[in-house]
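What follows draws every value from the coordinates through simple rules; no lab data is involved. Remember, predicted model here, so these are calculated numbers, not experimental data. No Cβ is skipped: glycine too gets one built from the backbone with ideal geometry, and neighbour counts run over all protein chains shown.
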Amino acid sequence: MAMPRTLIAGNWKMNGLIPDLSEIKTIADAANSASAEAVICPPAILIERSSSVASGTTLRIGGQDCHPASSGAHTGDVSAEMLAAVGATYVILGHSERRSDHGETSAMVAAKAVAAYRAGLTAIICVGETEQERVCGTTLSVVEAQLAASLPDAANASNTAIAYEPIWAIGTGQVPTDQEIAEVHAAIRAVLTTKLREGAKEMRLLYGGSVKPSNARSIFAIPGVDGALVGGASLKASDFISILSAAPLRET
């Protein structure tokens with residue numbers, strides 16, 4: 001059975017203004033000839049413009065979060081339906097910065113994923129351990145519990161991807177060893193198989209945390225890695241395209 005295309009998603013976080021749409025344009029032009037599926041998740045104010053820039057190319061645009069409700073008195077929030085209305089097809093959920101800065105629980109992440117499915121969006125659900133949890137040897141139990149509680153029963157390979165992002169590696173330049181990444185991805189796959197059974201087989205598992213052009217190829221070669229969630233290196237088209245070019249070719 002052919003595996004889904006490698007997925008490379010860029011998370012711009014709270015970065016980017018209208019002039020930076022030129023980076024989106026350059027990435028969009030390159031995405032057409034890439035073997036991997038490319039997604040850029042800019043700030044909410046740029047989603048509609050980014051979708052317009054990427055129109056007619058294979059580059060997909062996503063949001064960085066959504067509210068569980070479709071509408072209502074939720075000042076400052078954006079619903080999944082709103083994201084879809086301005087051209088988003090993906091949404092990142094449960095990123096460690098949302099969990100820590102905004103107190104998001106795994107139950108909240110699961111509710112947001114249900115909202116994403118309702119609006120026809122593909123959810124990229126993030127999990128990962130702190131440096132202290134890694135040092136204490138609880139990485140696997142932490143990630144397994146986080147994933148099990150963040151994943152709705154309706155999740156499948158078509159509407160969900162999982163991103164393993166060790167918190168201590170995000171933006172620090174530190175990267176787990178190949179063996180450590182492979183071990184966590186194998187544990188994630190086991191949780192998916194237990195929870196979703198057949199729906200787990202082709203779900204893409206991304207690695208995130210200081211992914212850059214210099215290490216992308218070696219990360220993609222690790223067993224169980226089906227792509228990457230890229231932070232800072234996605235802000236520059238040249239860096240993101242280099243990572244995109246390092247992705248392995250897969251049949252679709």
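Which one, 157, 148, 85, has the greatest fluctuation when you compute a Gaussian network model over the chain with C-alpha springs under 10 angstrom?
85
I'd like the Karplus ³J(HN,Hα) series for region 132-137: coefficients 6.51, -1.76, 1.60, θ = phi - 60°, whole numbers in Hz, and an x wherever there's a Gly or Pro.
Ordered by residue, 3J(HN,Hα) equals 5, 5, 5, 4, 7, x Hz.
Between residue 101 and residue 201, how many nm apart are label points set 7 Å from Cα along the C-beta direction?
Distance between the two pseudo-spin positions: 4.0 nm.
Among 240, 220, which comes first, second and so on when ranked by fewest other beta-carbon atoms within 10 Å?
So the residues, fewest neighbours to most, are 220, 240.
Over all alpha-carbon pairs in region 122-246, figure out the percentage whose distance exceeds 26 Å. Don't skip to the answer; put the middle values down first.
Values: 1381 of 7750 pairs.
Every Cα pair in region 122-246 considered, those over 26 Å come to 18 percent.
For residue 142, what charge total do you get from the other residues with a beta carbon under 11 Å from its beta carbon, if Lys and Arg give +1 and Asp and Glu give -1?
In short, -2.
How far apart, in nanometres, would the label points at residue 221 and residue 174 be if each is projected 7 angstrom from Cα along the Cα-to-Cβ direction?
The modelled label-to-label distance comes out at 2.5 nm.
Top mean-square fluctuation among 58, 172, 75, Gaussian network model of the chain, C-alpha springs under 10 Å?
In this elastic network of the chain, the residue with the biggest mean-square fluctuation among 58, 172, 75 is 75.
Rank the residues 194, 160 as a footprinting-exposure proxy: fewest other Cβ atoms within 10 Å of their Cβ go first.
Least crowded to most crowded, the residues run 194, 160.
Take every Cα-Cα distance within region 174-214, group them into 10 Å bins from 0 onward, and report for each bin the whole-number percent of pairs it holds.
Result returned by the calculation: 26, 45, 25, 4.
So for 22, 242, fewest C-beta neighbours within 10 Å to most, what's the order?
So the residues, fewest neighbours to most, are 22, 242.
Quick check on the chain: helices-only [θ] at 222 nm, where DSSP H runs of length 4 and up contribute -39,500 (n - 2.57) each and the sum goes over total residues. Nearest 500, please.
Helix-only estimate at 222 nm: -11000 deg cm²/dmol.
Out of residues 5 or more away from residue 67 or on other chains, whose amide H comes under 5 Å of its own, with H placed 1.01 Å from N in the peptide plane?
78, 79, 80
Taking 28 Å as the cut-off for C-alpha to C-alpha distance, list the pairs among 13/112; 112/195; 25/212; 195/236; 112/201 that go past it.
The answer is 195/236.
Please list the non-local residues whose amide H lies under 5 Å from the amide H of residue 208, H modeled 1.01 Å from N, same-chain partners needing a gap of 5 or more.
164, 165, 229
Let me make sure I get this right: for the chain, a, b and c are the square roots of the gyration tensor eigenvalues over alpha carbons, sorted descending. Under 1.5 in a/c it's rounded, otherwise prolate if a/b > b/c, else oblate. Which is it?
Since a/c stays below 1.5, the shape of the chain is classed as rounded.
With a cut-off of 8 Å between alpha carbons and a minimum separation of six or more residues, what is the relative contact order of region 206-252 in percent? Write out the running numbers ahead of the final one.
Details: 53 pairs, mean separation 21.3, N = 47.
45 percent.
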